[in-house]
Amino acid sequence: MALRGLESSGPSSRGPLEEAGAAAEEREAPAEAAAAAAAAPLDDEEDDGRGLLRWDGFSAWLHCVCVVGFDLELGQAVEKDPAYFYGYVYFRQVRDKTLKRGYFQKSLVLISKLPYIHFFHTVLKQIAPEYFEKSKPYLEAACNDVDRWPAPVPGKTLYLPIMGVVMKVRIPTCHDKPGTTQIVQADTHISVVLSTVHEVDLFRCFFPVFFHSQMLWELVLLGEPLVVMAPSPSESSETVLALVNCISPLKYFSDFRPYFTIHDSEFKEYTTRTQAPPSVILGVTNPFFAKTLQHWPHIIRIGDLKPAGEIPKQVKVKKLKNLKTLDSKPGVYTSYKPYLNRDEEIIKQLQKGVQQKRPSEAQSVILRRYFLELTQSFIIPLERYVASLMPLQKSISPWKSPPQLRQFLPEEFMKTLEKTGPQLTSRIKGDWIGLYRHFLKSPNFDGWFKTRRKEMTQKLEALHLEALCKEDLLLWTQKHTEVETVDLVLKLKSKLLQADREHLPVKPETMEKLRGHIDAIILALPEDLQSILLKTSMT
């Protein structure tokens, strides 16, 4: 399909915005996940006198809202921007005999930086059907409602009215215990209560291939190139998002495309056979990809994501040469041999749940907890070893630069696994050493270690600031020259700026004490130097 017409509502943009991540697809039914494209929105309106610039509230949640018309003849008519956003789409297809292809097609698209998949699906369910009946004025009214919402502050429970409906949601935080959902109590005046804003139905997505859940966890953990072939954009998108989330709390650092089409700018790069496929998870629906992506090493073929009413047959892992078309049977097509033995207990537990007609939400909780425990068992030995790379606090001197972290040595880490490996917390047997060796070469390890190294380096800088605060700096200046004293003041100011800029984990009282030290040192200097240093403070 190609994009023909485009309307949008929202704050004005500094340039085109066409790229979208994951989101929602519809045929006049509940909103599901798919990808979309957006364009530059309309101009700002006048300030409404609420103390914020017009559309500031809207911008905290959405970049813009777009209406996309389709033309099956023209091909894609919108250039894409490399900026990364999530696009949530409600797709409408209505039979129209006056059109050449017999259908009128249009989408309502929400573009946002926020990965609140479940929340924006719910918003689309509320506003999209009415919009298609009442058109632009209704959409403008909905955007005005969004503009009045409070900002999505982590940890806050919010009441969000939109077009006569009030939604109650809790914004998640990075400190939430992984694998758990905070309970949001229902109120009598609330129309919709969401227990989560960002999670997908994990079991529903894994259901067609849940016998291979552990192997898929390994493939995602290792950042292997992976293709999901699905019958619709919604099923493609949800499955890709479920795969990315299955290694939580470890962040997936490679690229992922919940709904990849032949119009995407990387199409040629991903379909070429002259180089190895990149570390990316693709979700596709076009039968054309069954042939053009056949050289990818791991392919998941899924059918319709129907409510789990019966136990699926145990599909074997198939060789890639057996995948001829998108009509091939559901299953996992790969020559990959898992490092770990399959955990039969989780399979039996989920099978029992299907037999007992356990709700999909409850099955998802079980599967999410299983993935969480598996990931934690894997990552704890790495966390323990990386913590040992931190210099001792007694080695931090206020008069020297902060000490450096020790180097990460793979073989040294491997030796720690004999006594403090994953066998302490996991019942699963297998080649854990081989899995770690492979992981250390992956983008996920590279991203994880860079993040941990940055956090630890910032911690060393913070400890260095605390060490400086404990010193009698004024006494030190009395024993040194004016040049050395000025140099100290400039270095201390630089430290303060760094702490603010990099959000170092420094207590506010430590910062205030250091500012007090600087002021005391400056006041003890001659007046000409005082004025120079005070001017430096102001700039």
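The values are calculated or read from the model by the stated rules, or taken from the named source; none is laboratory data. What you are looking at is a predicted structure, and each value in this text was computed from that prediction instead of being measured. In this analysis, Cβ positions are derived from the backbone assuming ideal geometry, glycine residues included, and neighbour counts consider all displayed protein chains. Areas reflect the complete protein model, heavy atoms only, side chains present, ligands, DNA and RNA absent. Shrake-Rupley method; radii C 1.70, N 1.55, O 1.52, S 1.80 Å.
Table for the structure above
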item: Residue 385 accessible area, 1.4 Å probe, all protein chains in place, Å² to nearest 10; result: 10
item: Share of carbon and sulfur in the accessible heavy-atom surface of the range 379-512 [1.4 Å probe, %]; result: 55
item: The range 82-103 versus the range 226-305: alpha-carbon centroid distance in Å; result: 21
item: Distance in nm between pseudo-label sites at residue 407 and residue 502 (7 Å out along the Cβ direction from Cα); result: 2.2
item: Cβ crowding within 10 Å averaged over residues, with 143-152, 510-519 ranked highest first; result: 143-152, 510-519
item: Efficiency of FRET between residue 467 and residue 253 - r from beta-carbon atoms, R0 35 angstrom, step 0.05; result: 0.55
item: Trypsin sites (Lys or Arg not before Pro) within the range 400-431, DSSP loop, no more than 16 other Cβ atoms inside 10 Å; result: 400, 406, 427, 429
item: Residue-span extension gain [residue 165 to residue 494] - 0.36 nm each, minus C-alpha spacing; result: 113.4 nm
item: Nearest-20 debye value, the range 393-475 charge dipole, Cβ charges on Lys, Arg, Asp, Glu; result: 320
item: Label-point separation in nm, residue 292 to residue 451, each point 7 Å along Cα→Cβ; result: 3.2
item: Principal axes of the range 462-505: Cα extent on each, largest first, Å; result: 33, 19, 10
item: Cα shape, the range 492-539, gyration tensor, a/c 1.5 rule; result: oblate
item: Within the range 407-539: Cβ-based charge dipole about Cα centre, in debye rounded to nearest 20 (Lys, Arg +1; Asp, Glu -1); result: 900
item: Apportionment of accessible area to carbon and sulfur, the range 222-271, percent (1.4 Å); result: 50
item: Flagged links, alpha-carbon separation over 20 Å, of 459/491; 479/535; 400/459; 113/495; 268/450; result: 479/535; 113/495; 268/450
item: Charge dipole (debye, nearest 20) of the range 334-420; +1 at Cβ of Lys and Arg, -1 at Cβ of Asp and Glu; result: 160
item: Charge-dipole axis of the range 319-433 as Lys and Arg at +1 and Asp and Glu at -1 on Cβ define it, positive-most pick from 424, 353, 336; result: 353
item: Candidate lysines - alpha carbon under 23 Å from residue 329, same-chain residues fewer than 8 apart omitted; result: 291, 306, 313, 316, 318, 319, 321, 337
item: Distant alpha-carbon pairs in the range 325-479 (separation over 21 angstrom), percent; result: 64
item: Furthest towards positive pole of dipole, 444, 480, 464, structure part the range 443-539, Cβ charges; result: 444
